[in-house]
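J.: Okay, here's the structure, questions in a sec.
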Amino acid sequence: MNSMIEPISACAAGITTLRHVRPSDADAIQEILQSDHVNRGTMRLPFESPAGVAQRIAEEPGVVKIVALRQGAVAGYASMVTYPSLPRHWHCAEVDIVAVHPDHRGHGIGRHMLQQLIDLADRWLQVRRLSLTVWAGNEKAIALYRSLGFSIEGTMRQFVFVDGAYEDAHIMGRLKAVPWPSAPAGSE
């Protein structure tokens, strides 16, 4: 599945390419994952070994992993988990991470990566339900997700320990509008 991610141009966001992650991206992704804003907004710890990053970006069945390139550098990393081995859950996917390098924030890169994951889910993978988890205090991310059709479905109290305190997390979901078949006439 991952091999179907072709490079995509996006001049509006100043990105030259979105493409599937490569092993050679590991150092840049490690820098992204160790960024303060990523540590505060994900389950990442402040330090991750190069071997841990290599494992994170390695090919996995059912997981789409992309990078955004801007000005020739890896500017963002995103992944989406699907469930090909769970027949009753095939229609679902989860955005695992959308993270942008500190030097490239504010250029629409996170939005663009997420839009591409949504497009892949909707048009190629037959995903009807796309979900994600976001810390309740991350208002900027919540606003982004809402603008792309996600809504808060629930709150998990004291879900994550950040900066010495527990914080709630929201589960957000986006359901693709698919018309249900009409009931046959006279079956009501």
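The values are calculated or read from the model by the stated rules, or taken from the named source; none is laboratory data. For clarity, every value in this text was computed on a predicted model and none was experimentally measured. Backbone-built Cβ (ideal geometry, glycine too); neighbour counts: all protein chains shown.
J.: Does Ser151 qualify as being in contact with a helix residue (DSSP H, G or I) (Cβ under 9 Å, 6 or more places away or on another chain) and not basic (Lys, Arg)?
T.: Considered against the rule, which asks whether it is in contact with a helix residue (DSSP H, G or I) (Cβ under 9 Å, 6 or more places away or on another chain) and not basic (Lys, Arg), Ser151 comes out as yes.
J.: Let me ask something else about it. Filter the stretch 124-140 down to the residues that are out of contact with any helix residue (DSSP H, G or I) (no Cβ under 8 Å at 6 or more places or on another chain) and either under 24 Å from Lys176 (Cβ atoms) or β-branched (Val, Ile, Thr) (or both) and list them by number.
T.: Hits for the stretch 124-140 are Leu125, Gln126, Arg128, Arg129, Ser131, Thr133.
J.: Given the criterion surrounded by fewer than 16 Cβ atoms within 10 Å (Cβ to Cβ), modelled with pLDDT of 95 or more and part of a strand (DSSP E or B), identify the matching residue among Met156, Met172.
T.: Matching residue, one of Met156, Met172: Met156.
J.: Let me ask something else about it. Using the structure shown, decide if Asp163 is in contact (Cβ under 8 Å) with a residue 60 or more places away in the chain, within 28 Å of Ser35 (Cα to Cα) and not basic (Lys, Arg).
T.: The answer is yes for Asp163.
J.: Still on this model: Those residues that are part of a helix (DSSP H, G or I), at pLDDT below 60 and not hydroxyl-bearing (Ser, Thr, Tyr), I need them from the stretch 1-27; list them, please.
T.: Asn2, Met4, Cys11, Ala12, Ala13
J.: Here's another thing I want to ask about it. Quick one: would you say Ala136 is farther than 29 Å from Arg22 by Cα and touching an Asp or Glu at 6+ places or on another chain (Cβ under 8 Å)?
T.: yes
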